[in-house]
Amino acid sequence: MGLLDSVLGSALGAVTGGGQGGGAGAAVLMQVIGGLLGGGGQGGGAAGGLGALLQQLQQGGLGEAAQSWVSTGQNQPVSADQLQSALGADRIDAMAQQAGMAPGDLAGQLAQLLPQVVDHLTPGGQVPAGGGAADLGQVLGSLLGGLRQG
């Protein structure tokens with residue numbers, strides 16, 4: 001978990017502009033990512049959520065990029081527009097409204113963070129079958145706690 005904390009902390013620092021009031025924004029982003037990876041209201045556990053998210057990205061035309069995030073090679077980037085198209089504008093709008101952000105801003109930040117998050121949740125180049133991803137709640141809770149203190 002230490003490596004994931006470090007990567008997410010660095011990514012969130014870059015996205016939120018370092019320590020310039022980014023704590024609350026970072027916490028909101030982690031909640032949004034937790035919702036995406038935790039199933040986002042689609043039922044199932046964290047492993048089902050990660051698998052469902054990857055499937056949705058594949059169906060939305062980002063299968064090659066999403067697979068690069070899972071594999072052990074370099075992560076392919078995606079744009080905010082690509083991510084918004086793959087996840088659906090309605091879903092991005094709803095998440096942005098809950099987060100108190102503009103949809104384009106949220107999509108842009110997710111486009112930067114999701115490749116790194118998925119990459120570190122799949123360290124062996126495989127989507128965990130239950131066990132590894134089941135700790136997602138603990139990982140995100142730990143990150144949120146650290147962000148509130150920092």
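Structure above, values below:
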| item | result |
| --- | --- |
| For GLN84, net neighbour charge (Lys/Arg +1, Asp/Glu -1) across residues whose Cβ lies under 12 Å away | -3 |
| Using a Förster distance of 30 Å, the FRET efficiency for VAL127-ALA102 (Cβ separation, nearest 0.05) | 0.45 |
| SER71 versus ALA89: modelled label distance in nm, points set 7 Å from Cα along the beta carbon direction | 3.2 |
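No lab work stands behind these numbers, since they all come straight from the coordinates. Treat the numbers as computed from the prediction; the structure is a model and nothing was measured. Here the Cβ is made from the backbone with ideal geometry for all residues, glycine too, and neighbour counts use every protein chain on show.
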